[in-house]
Each structure stands twice: as C-alpha cells, then as structure tokens.
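Enquirer: My questions will all concern the structure given below.
The values are calculated or read from the model by the stated rules, or taken from the named source; none is laboratory data. Here the structure is a predicted model, which means the values were calculated and not measured. All Cβ positions, glycine included, derive from the backbone under ideal geometry; neighbour counts span all protein chains shown.
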Amino acid sequence: MKTTDALTKAKNIRNLLLGISALFVIALGDSSAFALDPMGPPTAGLEQGQFKAGVDFSYSKMDLELTDGTFVEYLDGLLSDSGEATSFPLKDFKASKAYVNLGYGFADNCEGFLRVGGTKSEFDDSIWLDSEEFDSGNDLAVGGGIKATFFEEGDLKVGVLLQGSWANYQGQLDSPNWTGPDFVDIDMVEVQMAAGASYTWEGIFSIYGGPFFHFVSGDLDDTVGASVTGLGELLNSEYSWDIDEDSVFGGYIGAQLEVAEGCSLNVEYQKTAAADAFAASILWRF
C-alpha cells in the first residue's frame, strides 16, 4: 500500500511539474531572452559511453560595462579626430538563445557537451542616451562545457561545472532624432563556473543548485554613418569599447523532471547582482 501511494504521489507530482514546465518552455519560445546560458545540474548525468541530445533555451537580463573606449572621426573621407571614448554601463542587455545540445559520458562521473544555436539581442538608450534602440538579427552562438561528480551517496550528488559560449550580434542602432545610419557589432565570450549539489526523489524529480561565477569578455564596435554638419561636410565616426561583466558572483537553483524513460526536462533560475536569468532544457539520453 505504501509503495502504491508513493508511486501515485510521484505520478501526480510529475504530471503537475510537467504541465508547469511545458508552459514555461512555451513562454520562453515566445519571449525575447538574454545572455546567460543554461547550466543544469552541476553534476554528471551520463554513464560512461552514453550520449545525450536536446534543446536549451534561456531568458535573462544583464548589465555590462563598456571600458577602454576609442574613437576615430573622418570628415569628407579624411581623418579629422581620434582619441579615448568615455566608459559607461550598458544597461539591460538582452539576447535570446536557443541551442542544440550534444553530450557524451567520458566516465560515470564525467561528461562533456557542445552547443550550437542562434541568438538575438536588444538594448535601449544606453550608448548615446538619445532614445536609441538596438535590435540585432538572428546570429550564431556556440558553446560547450564539462561536468564532473566528485561525491555521491544515495540520492545526493555533489559536483562542478565549467562552460563557455561565444556569440556575435550585428544590427542597426535607431533613433527618431538621427538622420544617418548607426551600425553596432558585438563579439561576446561568456564563461560560467559552478559548484553545487543535486538531490533526487522517487527517481523522477530532483532539485539542484549552488554558487557560480560568471565572466564576460568581448568588444562592441559602433560605426556612425555619414551625417551632414552645419558646413555641409560629411562626418563618419567609428567607436570601439571592451566589454566586461558588471558582477561575477551569483547563485542558481533548478529542478529536473524525468518526463519519460531517458528523457528529462530542466527549469532553473540564475541570479547575480547584475543579472537575472531563467533557463530550460529538454534532453534525451541514449
């Protein structure tokens, strides 16, 4: 009787979480999302020689720092001026990501994975503070990482995660007050390092999480197209800044649900002082 009650309770929990998770994944598919990548459990989930394939989504918001800026100006095609550009924060950088995720178990306690997918970014009124808006096209994003379990007892696992990604965003910065075009090109590399634990109930539902570090590096180039000066001259400008993270330390928590044999669904929340992120993944093991 106790076994039957436990199985019934587990099925009810699974059905409820599956419904909530499905709605969450649908919401992610319809939203503009941002930069942080899904992490999943910070422990290995594959046996030696086992593969996994799936899809990852993310939803977040992040503040960045633009530093060590430079500029060059051309007047009627001739060098007019150059120098240092002001450093400033880039607020609410948003970039949707969707990946195909492929993984392999190198050992029972260690797995690696690769990600390939697309990304889309946007931000408002941060560079020139003139009601400008940036909206990139659908651009390439790639990544990968490794997970390892170093302690396991019963339903408890403790491990570490290291992952990174690269993305390029290109698009036009628009403002109702401008006459000339303004093009932005962003190259960004992100690295996340996490340590934490996962605990499983009834073999189908687990929670996971722990502290993590998030590092960002890259550059932002802003090319301001020809505009006419008061003397009828054509002015072109090129600006470039280094990109750094505004905050590196944070924590995350998530849940994993076995929706079918060999198939799991993750949902999680990540938080640093400069970013809030939601993520979801669905993976098949074989």
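Enquirer: How do the strands (runs of 3 or more DSSP E) wholly within the stretch 1-113 filter down when requiring 1 or more residues that are within 17 Å of the chain's Cα centre (by Cα), closer than 30 Å to residue 245 by Cα and modelled with pLDDT of 90 or more: which remain? Break it down stepwise before answering.
Expert: Details: elements: 51-75, 78-85, 88-107.
Here the list reads 51-75, 88-107.
Enquirer: Against the definition (within 17 Å of residue 216 (Cα to Cα), among the small types (Gly, Ala, Ser), surrounded by 15 or more Cβ atoms within 10 Å (Cβ to Cβ) and touching an Asp or Glu at 6+ places or on another chain (Cβ under 7 Å)), how does residue 96 come out, yes or no?
Expert: Working: within 17 Å of residue 216 (Cα to Cα): yes; among the small types (Gly, Ala, Ser): yes; surrounded by 15 or more Cβ atoms within 10 Å (Cβ to Cβ): yes; touching an Asp or Glu at 6+ places or on another chain (Cβ under 7 Å): no.
So residue 96 does not fit the description; no.
Enquirer: For residue 159, state whether it is at positive phi, surrounded by 17 or more Cβ atoms within 10 Å (Cβ to Cβ) and either within 27 Å of the chain's Cα centre (by Cα) or of a type in the set (Val, Ile, Thr) (or both).
Expert: Numbers: at positive phi: no; surrounded by 17 or more Cβ atoms within 10 Å (Cβ to Cβ): yes; either within 27 Å of the chain's Cα centre (by Cα) or of a type in the set (Val, Ile, Thr) (or both): yes.
The answer is no for residue 159.
Enquirer: So how many residues does the stretch 260-279 have that are buried (at least 16 other Cβ atoms within 10 Å of the Cβ) and under 19 Å from residue 203 (Cβ atoms)?
Expert: Going through the stretch 260-279 one residue at a time, the tally reaches 4.
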